[in-house]
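The values are calculated or read from the model by the stated rules, or taken from the named source; none is laboratory data. The model shown is predicted, which means the values in this text are computed figures rather than measured ones. Ideal geometry is used to build each Cβ from the backbone, glycine not excepted, and the neighbour counts take in all protein chains shown. For the accessible areas, the whole protein counts, side chains as well, though only heavy atoms, and no ligand, DNA or RNA atoms are used. Shrake-Rupley method; radii C 1.70, N 1.55, O 1.52, S 1.80 Å.
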Amino acid sequence: MRLGLHALGIGAGADRAVIDAVASTADECGFATLWAGEHVVMVDRPASRYPYSDDGTIAVPAQADWLDPLIALSFAAAASSRIGLGTGVLLLPEHNPVVVAKQAASVDRLSGGRLTLGVGIGWCREEFAALSVPFARRGARTAEYAAAMRTLWRDDVASFDGDFVRFDSVRVNPKPVRDRRIPIVLGGNSDSALRRVAAWGDGWYGFNLDGAEAVRGRVARLERLCADSGRDRAQLRLSVALREPGVGDVGALVELGIDELVLVEAPPDTPGAAADWVSALAERWMAAAHSE
């Protein structure tokens with residue numbers, strides 16, 4: 001099993017020197033992917049319920065530094081050479097898909113083909129309102145945006161005509177490194193999120209799940225949805241982050257076909273301490289992961 005690290009972009013993880021230390025050390029220690037999430041804006045008292053905690057509130061303070069994930073990952077790419085880079089997740093319906101296609105392909109090219117684009121549909125109405133983007137139909141908007149971006153990556157001269165995005169005979173370069181594709185994995189733990197994975201995703205990023213048994217239920221549901229859609233679930237990349245992960249969870253996750261366990265952690269606020277922290281995580285987890 002691969003190990004990922006979701007540690008960049010927020011708080012101490014938004015500091016340039018800490019990003020360099022985390023990225024270079026994680027690369028040396030054999031982590032598979034560095035993940036960075038996104039919120040464009042935060043509000044002090046949102047009426048919207050956060051879907052990944054029991055009390056419906058997000059743990060990140062509204063006043064915390066929170067970098068744009070593609071920019072943060074471009075710095076991580078410069079400080080490393082092998083480790084994968086993943087947005088976990090970018091809130092795609094809040095963005096112009098032509099611009100995101102350009103930005104993602106740029107990071108992919110500069111990193112030598114290491115980018116995975118994790119996307120989500122968003123949950124915070126207040127954030128959509130601040131960006132003047134309709135909250136309604138955001139799932140359909142996300143699916144169409146992904147299709148449009150894949151068209152831009154694939155075709156030298158691209159055209160697209162949808163409900164939310166249209167362009168005619170345009171060129172967007174550079175192209176992604178790996179066969180003009182960037183893997184798009186979908187975040188979210190709900191049945192609706194898993195339907196999107198089965199319908200058009202390249203993988204799933206399950207977030208803050210309550211142990212291996214919760215993962216088991218979601219994977220079983222995803223397998224049924226894939227069968228209904230005529231897709232082979234084994235072709236999807238499955239990454240999960242657990243609420244309270246333990247080394248003993250690794251074996252169960254491997255049996256479920258999980259490809260990557262993502263550790264969601266906040267780094268220390270100095271480069272030296274951050275490097276030691278990554279090394280300690282690797283010492284604790286790598287033996288278990290590589291034995292399965």
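Some points to look at:
- Calculated translational diffusion coefficient of the range 246-292 (37 °C, 0.692 mPa s; Stokes-Einstein with Kirkwood radius over alpha-carbon pairs) equals 277 µm²/s.
- Amide H within-cut-off set for GLY188, under 5 Å, with H built and near neighbours excluded: TYR205, PHE207
- Spin-label pair THR57/ILE71, simplified geometry with 7 Å Cα→Cβ offset, distance in nm: 2.9 nm
- Taking label positions 7 Å along the Cα-Cβ direction at both GLU126 and ARG284, the computed distance is 3.2 nm, reported to one decimal.
- Put simply, the C-alpha atoms of the range 1-143 give a gyration tensor, and the ellipsoid matching it has half-axes of 26, 18, 13 Å, longest first.
- Fully extending the segment from SER190 to ARG82 would add 35.6 nm, taking 0.36 nm per residue of separation and subtracting the current Cα-Cα distance.
- Residues LYS102, LYS175, sorted by accessible area with the largest first, give LYS102, LYS175 [1.4 Å probe; ligands and nucleic acids excluded].
- Given their separation in residues at 0.36 nm each and the Cα-Cα distance between them, VAL41 and ALA140 gain 33.4 nm when the chain is fully extended.
- Sorted from longest to shortest, the spans of the Cα atoms of the chain along the three principal axes equal 52, 43, 41 Å.
- Ellipticity estimate at 222 nm from DSSP helix runs (n ≥ 4, -39,500 (n - 2.57)) divided over the chain, nearest 500: -12500 deg cm²/dmol
- Expressed to the nearest 5 percent, the antiparallel share of DSSP beta bridges inside the chain is 15 percent.
- Given their separation in residues at 0.36 nm each and the Cα-Cα distance between them, VAL254 and ASP179 gain 24.1 nm when the chain is fully extended.
- Calculated FRET value between ASP269 and TRP200, using beta carbons and R₀ = 41 Å, to 0.05: 0.55
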